[in-house]
Amino acid sequence: MLCHPEPHPAVNYALRNVKSRFTPGDRVTYTYTGSPLGAYSTHFVLPARHLIHLPDDITFETAASCTMRGLTAAYLLRRIHNCRAGDSVLIHAAAGGVGLILVQWAKHLGLTVIGTVSSKEKAEAARSAGADHVILYRQEDTAARVRDITNGAGVPVVLDGVGADTYQAPLDSLARRGLLVCFGTASGPVPAIRAMDLAIRGSLFVTRPALADYIADPQERDELAAELFGHIATGRISVDVQRTYPLADAARAHEDLESGSFVGAGILIPG
């Protein structure tokens, strides 16, 4: 089910600052959408068509930590599924960089948020972000908890950025004709899912979207970015940079990320 909802009022805030052309000194951000890689550089030449204007009240540190993650959350909640106030949603890795933005944005949309996390520390972070229910997926039966929370109905949509380690529980957590959104592969690619498995679980849907296809149109990209930055600027979404690393320590940053100890976002700083 695809939907293109009317822009949130937050869009109007930031679209006033969006520029179709750039001049020297403009503050910009970007995320990879088929453009050359280069984020691990102190200087980078990039075609202007890939740039996103950065409003004055969004810091470079915030932009570095949330442009890709925030735009991912934006298309997941504003383009993939017609989220209605009062609906429930299951968010895997609810204390990660994308997860914390998803939790806050989903609550702003009036959704009941069920989040899964891997530790008690992350459970607290998810609750602080607004999650209504938190499941320690390594210790609890996720599907059973979801059924208990929803009085047996299941959730209409699951947002799963983990992949191989968690895909089975979301299938068993969905309501009839529910949608599983596999948007990430933190633990590896999702194994093949048989069509009949979807049928016997209630005529389920599965999609594997990619950010690049939701920001390929510059106008749509600017609308999503405007809504994201509008929520951040007005405090509806908080982006907390938990860790910063000098660029020379990029390897250590990756090691920390792969360890699963990260709560929120970390960024690399030139120098």
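Just to be sure I understand the filter: pairs with C-beta atoms under 7 Å, separated by 6 or more residues or on different chains, first member in the range 116-139 and surrounded by 15 or more Cβ atoms within 10 Å (Cβ to Cβ), second member of a type in the set (Lys, Arg) and not in a helix (DSSP H, G or I). Which pairs pass?
Partner pairs satisfying both residue conditions: SER118/ARG138.
Answer yes or no as to whether LYS107 is part of a helix (DSSP H, G or I), of a type outside the set (Val, Ile, Thr) and either touching a Cys at 6+ places or on another chain (Cβ under 6 Å) or open to solvent by 40 Å² or more (accessible area, probe 1.4 Å) (or both). Don't jump to the end; show me each part of the working.
Working: part of a helix (DSSP H, G or I): yes; of a type outside the set (Val, Ile, Thr): yes; either touching a Cys at 6+ places or on another chain (Cβ under 6 Å) or open to solvent by 40 Å² or more (accessible area, probe 1.4 Å) (or both): yes.
Taking the combined requirement at face value, the residue satisfies it.
Which of the residues that make up the range 226-265 are assigned to a loop (DSSP other than H, G, I, E, B) and either on the phi > 0 side of the Ramachandran plot or at pLDDT 90 or above (or both)?
THR234, GLY235, ARG236, ILE237, SER238, VAL239, GLY260
Residues are listed down the side, and each one gets a yes or a no for (1) polar (S, T, N, Q); (2) in contact with a Phe, Trp or Tyr (Cβ under 9 Å, 6 or more places away or on another chain):
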position	(1), (2)
ALA212	no, yes
ILE237	no, yes
GLN242	yes, yes
ALA248	no, no
SER259	yes, no
ALA265	no, no
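Kindly establish whether ASP172 is of a type outside the set (S, T, N, Q) and more than 14 Å from the chain's Cα centre (by Cα).
Against the criterion (of a type outside the set (S, T, N, Q) and more than 14 Å from the chain's Cα centre (by Cα)), ASP172 qualifies.
This table checks each residue for (1) farther than 17 Å from THR62 by Cα; (2) acidic (Asp, Glu); (3) open to solvent by 30 Å² or more (accessible area, probe 1.4 Å); (4) touching a helix residue (DSSP H, G or I) at 6+ places or on another chain (Cβ under 7 Å).
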| position | (1), (2), (3), (4) |
| --- | --- |
| ARG208 | yes, no, yes, no |
| ASP213 | yes, yes, yes, no |
| PHE229 | no, no, no, yes |
| GLN242 | no, no, yes, no |
| ALA250 | yes, no, no, no |
| GLU255 | yes, yes, yes, no |
| GLY260 | yes, no, yes, no |
| ILE267 | no, no, no, yes |
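Which of the residues that make up the range 182-206 are open to solvent by less than 40 Å² (accessible area, probe 1.4 Å), assigned to a loop (DSSP other than H, G, I, E, B) and in contact with a strand residue (DSSP E or B) (Cβ under 6 Å, 6 or more places away or on another chain)?
Answer for the range 182-206, where residues must be open to solvent by less than 40 Å² (accessible area, probe 1.4 Å), assigned to a loop (DSSP other than H, G, I, E, B) and in contact with a strand residue (DSSP E or B) (Cβ under 6 Å, 6 or more places away or on another chain): GLY202, LEU204.
The values are calculated or read from the model by the stated rules, or taken from the named source; none is laboratory data. Note that the coordinates shown come from a computational prediction; the quantities given were computed from them, not determined experimentally. Neighbour counts run over all protein chains shown; Cβ positions are idealised from the backbone, glycine included. What goes into the accessible areas is simple: the full protein's heavy atoms, side chains included, and nothing from ligands, DNA or RNA. Shrake-Rupley method; radii C 1.70, N 1.55, O 1.52, S 1.80 Å.
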